[in-house]
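The values are calculated or read from the model by the stated rules, or taken from the named source; none is laboratory data. Owing to the predicted nature of the structure, the values given are computational and were not obtained by experimental measurement. All Cβ positions, even for glycine, are placed from backbone atoms using ideal geometry, and neighbour counts span all protein chains on display. Keep in mind that these areas ignore ligands, DNA and RNA; they rest on the heavy atoms of the full protein, side chains included. Shrake-Rupley method; radii C 1.70, N 1.55, O 1.52, S 1.80 Å.
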Amino acid sequence: EAKNQGKNRSIFFDQRMRTEQMTRTVVQAELSNSLERQELEVVYQPVVALDSNCTVGCEALIRWKHSQLGEMSPSEFIPIAEKSGLITALGRFVTERACEDLSRWLEIGVVSADCFVSVNLSPREFFVGDLVARVQETLERNGLEGRHLRLEVTEGVLIESSQEAAVIFAELQAMGVRICIDDFGTGYSSLSYLQSLPIDVLKLDRSLIQQIPESPKSREIARTVLNLATALDVQSVAEGAETEEHLSAIRQLGFRFAQGFILHRPMPASQMEELLRHEGAGRTAGRRSSAGH
Ligand code: C2E
Ligand code: MG
Ligand code: MG
Ligand code: MG
């Protein structure tokens with residue numbers, strides 16, 4: 001009986017593994033054609049200042065629409081792209097598109113000069129030798145300054161090679177590019193690198209943010225991180241506010257910036273442009289006149 005069960009289980013696992021392997025192979029093959037088939041899009045989620053409810057910048061998020069496979073989440077296909085090495089091409093596409101879009105918004109005057117786009121980088125992209133030169137070239141070609149770009153990395157980058165990361169961070173920051181630690185509070189968050197590494201922004205993960213209304217412990221953790229970050233002159237962004245409760249909880253704690261579905265869902269560039277135009281129309285004349293390059 002037990003032997004049989006074991007056997008069945010191993011057959012089951014074999015089949016599941018085979019299916020997963022097949023899926024990965026298919027997805028990898030299809031993904032490698034996605035660029036030339038123009039199936040990739042970049043959508044934007046506003047980062048909102050909680051005092052004014054205005055957009056101060058936005059996060060660029062990749063979308064892939066395949067004719068047969070349908071829409072797949074980046075959390076599913078990014079890991080596959082990382083394994084195959086395709087991530088560098090995808091990452092270049094996203095950075096390029098994000099810079100083009102922000103450059104256009106600056107040019108038509110729907111955003112002020114301190115608006116930014118925030119681009120996610122996988123560890124694999126981060127340690128590609130020409131990252132710094134490529135970022136600089138992309139900024140220059142689009143007439144942007146370093147401060148217009150934020151790069152989001154996870155703590156994985158620091159764990160893999162904090163020495164190398166420190167050097168790259170410093171080079172990027174010398175150009176004015178801001179470094180964000182994404183999904184903060186999900187990994188083995190070490191506060192020590194806040195002291196040793198030049199970090200500009202901590203993005204507190206939604207799993208922590210969403211527990212704040214119910215969990216006093218989560219609230220205290222968030223409060224402590226926020227206070228520490230503020231004391232060290234590191235900006236904090238609360239991610240994943242989905243409900244009014246989440247929002248009022250993070251306001252109460254004193255977060256100044258947030259992203260979340262309750263504020264805005266990620267949207268195509270055209271819609272983002274409309275939102276920015278709309279918000280800009282509500283600004284004072286003085287602030288509007290500071291828009292442009
Ligand atoms: P992330 O960088 O932490 O991005 C935030 C994710 O949370 C996005 O999911 C966004 O749509 C989602 N989100 C925002 N507000 C809420 C909310 O209130 N509730 C919930 N449940 N979710 C919210 P998305 O676009 O599916 O991306 C998932 C992850 O895939 C990203 O997490 C990021 O790690 C990765 N990713 C996305 N685009 C790129 C990219 O261009 N390059 C790389 N390397 N990774 C990317
Ligand atoms: Mg991110
Ligand atoms: Mg991320
Ligand atoms: Mg995140």
Does any residue of the range 82-95 turn out to be without any contact (Cβ under 8 Å) to a residue 60 or more places away in the chain, within 28 Å of S270 (Cα to Cα) and open to solvent by 60 Å² or more (accessible area, probe 1.4 Å)?
-> yes
Given G240, G187, G176, which one is crowded, with 18+ Cβ neighbours inside 10 Å and either within 22 Å of the chain's Cα centre (by Cα) or in a loop (DSSP other than H, G, I, E, B) (or both)?
-> G240
Filtering the range 188-203 down to residues that are closer than 25 Å to V48 by Cα and away from ligand 3 (no atom under 11 Å from the Cβ) yields S189, L194, P198, I199, D200, V201, L202
Report, ordered by the first and then the second residue, all pairs with beta carbons closer than 7 Å, sequence separation of six or more or different chains, a first member in the range 226-249 that is on the phi > 0 side of the Ramachandran plot, and a second member that is in a loop (DSSP other than H, G, I, E, B) and modelled with pLDDT of 95 or more.
-> G240/Q210; G240/G260
Among the numbered conditions (1) within 16 Å of ligand 3 (Cβ to nearest atom); (2) in a helix (DSSP H, G or I), tell me where V132 comes up short.
-> (1)
Looking at this structure, is G185 closer than 16 Å to L50 by Cβ, within 16 Å of ligand 3 (Cβ to nearest atom) and in contact with a helix residue (DSSP H, G or I) (Cβ under 7 Å, 6 or more places away or on another chain)?
-> no
Name every residue in the range 204-224 that is open to solvent by less than 20 Å² (accessible area, probe 1.4 Å) and more than 16 Å from ligand 3 (Cβ to nearest atom), in order of residue number.
-> I212, S218, A222
Qualifying residue in the range 155-163 (condition: more than 16 Å from ligand 4 (Cβ to nearest atom) and among the small types (G, A, S)) | yes
Does the range 151-160 include one or more residues that are open to solvent by less than 40 Å² (accessible area, probe 1.4 Å), within 16 Å of ligand 3 (Cβ to nearest atom), assigned to a loop (DSSP other than H, G, I, E, B) and at pLDDT 95 or above?
-> no
Restricting attention to the range 256-279, does a residue exist that is farther than 27 Å from L61 by Cα and either open to solvent by 30 Å² or more (accessible area, probe 1.4 Å) or at pLDDT below 95 (or both)?
-> no
Based on what the data block shows, is D200 modelled with pLDDT of 85 or more and open to solvent by 30 Å² or more (accessible area, probe 1.4 Å)?
-> yes
Sort through I181, I209, I168 and tell me the only one that's touching a residue at least 40 places away in the same chain (Cβ under 8 Å), among the hydrophobic types (A, V, I, L, M, F, W, C) and within 15 Å of ligand 4 (Cβ to nearest atom).
-> I209
